[in-house]
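All remarks here apply to the structure that follows.
The values are calculated or read from the model by the stated rules, or taken from the named source; none is laboratory data. Nothing here was measured: the structure is a model prediction, and the numbers come from that model. Note that we place each Cβ from the backbone using ideal geometry, even for glycine, and neighbour counts take in every protein chain shown. Side chains are part of the model used for accessible areas, which takes the heavy atoms of the whole protein and leaves out ligands, DNA and RNA. Shrake-Rupley method; radii C 1.70, N 1.55, O 1.52, S 1.80 Å.
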Amino acid sequence: SSADFKHTLDGIVKGLNNAGFTDQDYRAQEETPVPEEEKATRPGRFLIYQEGKSFRFELLAANFSSIADSPSYSTLDSVKRSIRSIKEYACNVPVQDNTVEPVEKQPNPKFEIFRDGENYYFRFRAKNGKQTISSQMYASKDGCRNGVDSVQKHITRAEIYIETEDGPMPLEEY
């Protein structure tokens, strides 16, 4: 989830500070603006990374801003299977809105929309019912629905990269 990702980032910053770095030595990466003409053709990206002995992935938009992230997986193969499932099914599945009563239950695979306080987020559940991604928080339900629509529209073209010591590398070259 986004909270786990923030916790990881906080741990990285703490580690950098303990190693002698200060906030003058690093800064948060700003979103890279994407020219309008490129938005329709530039694919998003799955970025796989290792945390200790487990693996996770993040779904990034064309400008490399985070859309969603995964739970932890014990092997790289299980991450690859999860990504294949998302790419295969997410483009054409129902959306279950859990913010209204009564909830109209939808079969798996599906997207689910949730509310947390004043914010909204979505999850994708695979055919087997397991949660494979959870989105960032959105200020409005419309924004959240637009996030789902964007994933459904662009997911099949998303490239798969793995984080290495030298930076992101296409998975097929890893």
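Worth pointing out:
- Set K105, K87, K110, K53: member being charged (D, E, K, R) and closer than 20 Å to T164 by Cβ: K53
- Counting only strands (runs of 3 or more DSSP E) that fall entirely inside the stretch 104-174 and contain at least 1 residues that are surrounded by 13 or more Cβ atoms within 10 Å (Cβ to Cβ) and among the β-branched types (V, I, T), the qualifying elements are 110-116, 131-135, 159-164.
- Of all residues making up the stretch 49-93, the number that are open to solvent by 30 Å² or more (accessible area, probe 1.4 Å) and either in a loop (DSSP other than H, G, I, E, B) or charged (D, E, K, R) (or both): 15
- Output for the stretch 115-131, where each listed residue is in contact with a helix residue (DSSP H, G or I) (Cβ under 6 Å, 6 or more places away or on another chain) and over 17 Å from T99 (Cβ atoms): A126
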